[in-house]
Amino acid sequence: MSRDPRYDLLFEPIKIGPVTAPNRFYQVPHCNILGHGRPHAEAANRAVKAEGGWGVICTQEVEIHPSSELTPFIEGRLWDDRDIPQHRMMTDGVHEHGALAGIELCYNAFHAPNLYSRIAPMAPSSIPAHGINPIQARAMSKRDIADLRRWYVEAAKRARQAGYDIVYVYAGHDMTVLQHFLKPQYNQRSDEYGGSLENRVRLTREILLEVKEAVGHDCAVAFRFATDELKGADGLQAESEGRDIVAMLAELPDLWDVNISDWGNDSSSARFEPSEGYQEPYTAFVKTLTRKPVVGVGRFTSPDAMVSQIRRGVLDLIGAARPSIADPFLPRKIDEGRIEEIRECIGCNICVAQDMLSAPIRCTQNPTQGEEWKQGWHPERIAAAASDDAVLVIGGGPAGLECALQLANRGYPVTLAEAIDALGGRVSRESELPGMSSYARVRDYRENLLRQRPNVAIYLENRLSAQDVVELEIAHVLVATGARWRSDGIGRQHHFPIPGIDRLTVMTPDDVLDGAPVSGRVLIYDDDHYFMGSTIAERYRDQGLEVCLVTPASMVSVWTENTLEQHKIQHRMLALGVEVIVSHELVALAEGKATIANVYSEAQRRQVDFDTLIMVTARLPRDELYQELLAFEDRFKSLRAIGDCHAPGTVAAAVYDGHSAARQLESGEDIYAPLFTRDLPVLE
């Protein structure tokens with residue numbers, strides 16, 4: 001197949017100052033928690049994207065000095081010359097595939113509490129450090145400002161030695177000293193670096209000019225700038241100071257990389273920003289004020305949307321972080337006319353959650369993300385089948401679909417059996433909840449490709465018994481029959497059934513997703529702490545029902561702090577009129593009445609009335625078939641439970657487990673062995 005001529009525009013070379021990008025696909029800086037602690041993994045992760053056709057590949061934040069370091073987060077580091085070889089490994093891998101390499105130099109100021117260096121953080125003015133750390137940043141002196149300018153210059157020179165083609169000056173996400181100087185709520189200085197906007201822009205201007213001089217005539221300088229903070233008059237606004245800042249600096253950088261702040265807005269989940277190009281209202285003005293190329297993001301996966309951005313004069317280059325994670329080969333697939341093979345980002349922010357947890361990156365759609373070096377996994381290549389043996393995959397949910405697809409890609413003859421009349425399992429059901437429609441992409445991508453594979457047979461409405469499976473005489477059997485929600489209240493808070501629950505009619509998310517009738521006042525007990533409890537509450541409030549959500553956590557959907565959604569979820573609950581009771585557990589139940597107690601003081605009790613009780617606590621694997629098959633294990637060459645049937649978890653975990661099982665089939669190895677390919681520290 002060949003490229004559709006409508007998309008030729010996306011493959012035009014673009015000049016960025018003294019360098020030229022081979023096309024308009026631009027992987028903007030994004031974190032992956034590989035960084036300085038896992039340099040081989042970092043280099044492999046970025047190089048795969050260059051192989052996949054992204055014309056520019058950038059790092060994550062790269063610390064330029066130990067007075068601003070991001071412990072416990074393992075981002076990039078360029079403190080001194082000893083860090084250069086790690087970066088050279090990354091740039092060599094990117095250059096091998098003809099792409100440009102960019103580095104995001106960063107000084108986080110009071111956003112970095114310096115838990116490793118123990119150096120007091122600095123800021124434009126005295127202010128508490130970011131987060132809840134009992135640390136205060138000191139106001140920067142003129143000497144400190146001079147040092148900062150020197151550190152930027154020294155880091156820029158090292159970046160050139162490391163082979164980078166684009167060096168960033170970064171003022172975004174409410175994380176960096178330059179943005180802090182721009183904002184009057186952080187900058188209360190009375191010298192030439194504070195007060196008027198011109199004064200607050202002064203440091204950024206100085207550093208842009210000095211970095212340009214430092215990198216010479218064969219390296220570009222990019223300025224990453226958040227044009228709007230979505231805080232109205234309490235923050236930078238595109239229509240006022242955001243626009244003025246762009247006008248003041250318009251021709252200084254070689255490239256404008258524009259977005260919105262903070263990170264929760266820039267990387268908003270699809271639940272709250274379902275459309276591609278959602279940042280356009282805040283960034284489209286930039287091209288009207290500068291002759292330099294502009295790159296921006298918007299969770300772009302459609303080539304038509306990308307072309308529209310360029311033709312309408314919104315952007316010159318199509319920026320991506322999450323779409324490049326979900327499909328490192330997105331540009332090549334467009335180039336080769338394989339658009340239907342794009343693994344579209346679902347905007348779930350599991351990748352972000354890993355960063356928040358200081359753990360290596362992962363992706364719901366792309367299970368090879370972060371495993372390129374550690375396990376040698378490639379997003380588009382997989383080892384050929386070790387034999388002609390047939391494989392049976394039982395269950396067409398996310399684990400079963402991924403496993404079947406990868407087994408088919410290896411060349412095995414695959415039979416996929418699904419008990420109901422449609423594929424997708426939990427993602428089909430969960431995608432019907434408010435804001436969750438993008439989860440259907442997990443199903444659609446895999447089902448579409450499976451139906452094109454000649455070595456795959458799909459049988460719907462085919463509920464197999466253990467005897468049925470044995471009689472099929474298929475060599476390898478993988479059971480992906482999913483999990484069910486518990487109805488007894490056992491979860492994180494309760495390790496025994498809640499007193500009285502056995503005498504009541506109790507609903508679970510399975511009943512909700514099955515469309516069971518609900519009436520009257522709805523009480524949701526959320527001990528799961530992810531998205532399920534709040535999406536169910538939203539569904540029933542949208543239907544006009546009275547809803548009360550009780551959780552033992554101190555916040556609604558507390559785990560979604562990691563996906564940058566928690567404050568938006570809690571705001572939505574309150575805006576919808578959901579009664580929210582936090583830090584309370586269920587201690588007893590009777591018909592129509594729940595007794596709840598404060599988790600910190602059981603003496604503080606109260607009653608909550610309900611007509612419908614929905615328990616969102618924990619799940620149990622639907623592994624009955626697998627357990628029965630274990631009695632016949634000697635009849636198979638291999639038998640394995642995968643996904644939620646093995647251990648209930650996220651959709652990302654299910655997809656990963658299905659993928660891993662497909663790669664490991666007939667490997668004859670300890671399935672845990674690949675996990676221990678490690679980046680080991682070098683003793684000096």
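If you stretched the chain out fully between T505 and D80, how much longer would it get, using 0.36 nm times the residue separation minus the C-alpha to C-alpha distance? Write down the numbers at each step before the final one.
Details: separation 425, 0.36 × 425 = 153.00 nm, distance 6.48 nm.
The T505-D80 span can extend by a further 146.5 nm.
What percent do you get for the relative contact order of the chain when only Cα pairs under 8 Å and 6+ apart count?
Values: 1558 pairs, mean separation 77.9, N = 684.
Reported as a whole number, the value is 11 percent.
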Item to check | Alpha carbon convex hull of the stretch 5-356, volume per residue in cubic angstrom | outcome: 120
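Would you mind working out the magnitude of the charge dipole of the chain relative to its Cα centre, with +1 at each Lys and Arg C-beta and -1 at each Asp and Glu C-beta, to the nearest 20 Debye? Intermediate values should be presented prior to the final figure.
Numbers: 71 positive and 97 negative charges, 278 e Å.
It comes to approximately 1340 debye.
As an exercise, use a Förster radius of 56 Å and the Cβ-Cβ distance of R205 and D634 to find the FRET efficiency, rounded to the nearest 0.05. Let's see the in-between values first.
Details: r = 75 Å, r/R0 = 1.33.
Given R0 = 56 Å and the Cβ-Cβ separation, E is 0.15.
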Checklist entry - By how many nm would the segment from R338 to E251 grow when fully extended, if each residue of separation counts as 0.36 nm and the alpha-carbon distance is taken off? => result 27.5 nm
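Over 29 Å between Cα atoms, which of K212/K287; K142/K292; K49/K292; K292/K374; K292/K568; K374/K568 qualify? Mind dumping the intermediate values first?
On the way: K212/K287 21 Å; K142/K292 32 Å; K49/K292 25 Å; K292/K374 39 Å; K292/K568 35 Å; K374/K568 35 Å.
As for pairs spanning more than 29 Å Cα to Cα, those are K142/K292; K292/K374; K292/K568; K374/K568.
Quick check: from the Cα gyration tensor, does the stretch 170-298 come out rounded (a/c under 1.5), prolate or oblate?
Numbers: a/c = 1.87, a/b = 1.20, b/c = 1.56.
Oblate.
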Checklist entry - Only one of the listed values, (1) 31.7; (2) 29.8; (3) 35.4, was derived from the coordinates as mean projected area of the Cα convex hull in nm²; which label is it? => result (1)
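Highest mean first, how do 283-293, 151-161 rank when packing is the count of other Cβ atoms within 10 Å averaged over residues?
On the way: 283-293: 19.1, 151-161: 20.9.
In descending order of packing, they fall as 151-161, 283-293.
What shape does the stretch 399-474 have by the C-alpha gyration tensor, where a ≥ b ≥ c are the square roots of the eigenvalues, rounded means a/c under 1.5, and otherwise prolate means a/b greater than b/c and oblate the rest? Don't skip to the answer; put the middle values down first.
Numbers: a/c = 2.82, a/b = 1.46, b/c = 1.93.
Taking the square roots of the gyration eigenvalues as a ≥ b ≥ c, the stretch 399-474 is oblate.
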Checklist entry - Between D244 and F496, what FRET efficiency comes out of the Förster formula 1/(1 + (r/R0)^6) with R0 = 56 Å and r the beta carbon distance, rounded to 0.05? => result 0.35
Checklist entry - At 10 °C and 1.306 mPa s, what whole-number value in µm²/s does Stokes-Einstein give for the translational diffusion of the stretch 542-684, with Rh from the Kirkwood sum over Cα pairs? => result 80
Item to check | Amide N proximity, the stretch 63-93 versus R118 label position 7 Å along Cα-to-Cβ, cut-off under 17 Å | outcome: 66-72
Checklist entry - Between the stretch 123-184 and the stretch 358-385, what is the C-alpha centre distance in whole Å? => result 33
Checklist entry - What list do you get for E372, E546 if you sort them by fewest beta carbons within 10 Å? => result E546, E372
Item to check | By average C-beta atoms within 10 angstrom, highest first, the peptides 249-256, 375-382, 453-460, 58-65 | outcome: 58-65, 249-256, 375-382, 453-460
Checklist outcome for this item: Among N259, L564, T288, the residue whose Cα sits farthest towards the positive end of the charge dipole of the chain, when +1 is placed on the Cβ of each Lys and Arg and -1 on the Cβ of each Asp and Glu, is T288
Item to check | Residues whose placed amide H lies under 5 Å from that of R484, excluding near-sequence neighbours | outcome: L620, R622
Checklist outcome for this item: Karplus-derived 3J(HN,Hα) from phi for the stretch 184-194 (6.51 cos²θ - 1.76 cosθ + 1.60, θ = phi - 60°), whole Hz, x at Gly and Pro, runs x, 5, 9, 10, 10, 6, 10, 9, 5, 9, x
Next on the checklist: Give me the extension gain from R312 to T288: residue separation times 0.36 nm, minus the current Cα-Cα distance, reported in nm with one decimal.
Outcome noted: 7.5 nm
Checklist entry - Which ordering of H130, H584 is given by a fewest-first count of other beta-carbon atoms within 10 Å? => result H130, H584
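Compute the Cα gyration tensor for the stretch 486-619, then decide on rounded, prolate or oblate, letting a ≥ b ≥ c be the square roots of its eigenvalues: rounded whenever a/c is under 1.5, prolate when a/b is larger than b/c in the other cases, and oblate in all that remain. Walk me through the numbers on the way to the answer.
On the way: a/c = 1.40, a/b = 1.12, b/c = 1.25.
Rounded is the answer for the stretch 486-619, as its axis ratio a/c remains below 1.5.
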Next on the checklist: 7 Å from Cα along Cα→Cβ at both A575 and V682: what's the point-to-point distance in nm?
Outcome noted: 5.2
Checklist outcome for this item: Of the stretch 227-258, those with amide N under 16 Å from the point 7 Å along the Cα→Cβ vector of E198 are 244-250
Item to check | Label-point gap, in nm, between A516 and D611 - each point 7 angstrom along Cα→Cβ | outcome: 1.7
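Let me spell out the model: positive unit charges on the Cβ of Lys and Arg, negative unit charges on the Cβ of Asp and Glu, origin at the Cα centre of the stretch 486-619. What dipole size does that give, in debye rounded to 20?
On the way: 12 positive and 19 negative charges, 43 e Å.
Dipole size: approximately 200 debye.
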Checklist outcome for this item: Rounded to the nearest 5, the percent of DSSP beta bridges in the chain running antiparallel is 25
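Read-outs throughout are calculated quantities, based only on the coordinates presented, and are distinct from any laboratory measurement. Only a predicted model underlies this, so the values are computations on that prediction, with no experimental measurement involved. As a convention, Cβ positions derive from the backbone with ideal geometry for all residues, glycine included, and neighbour counts pool all protein chains shown.
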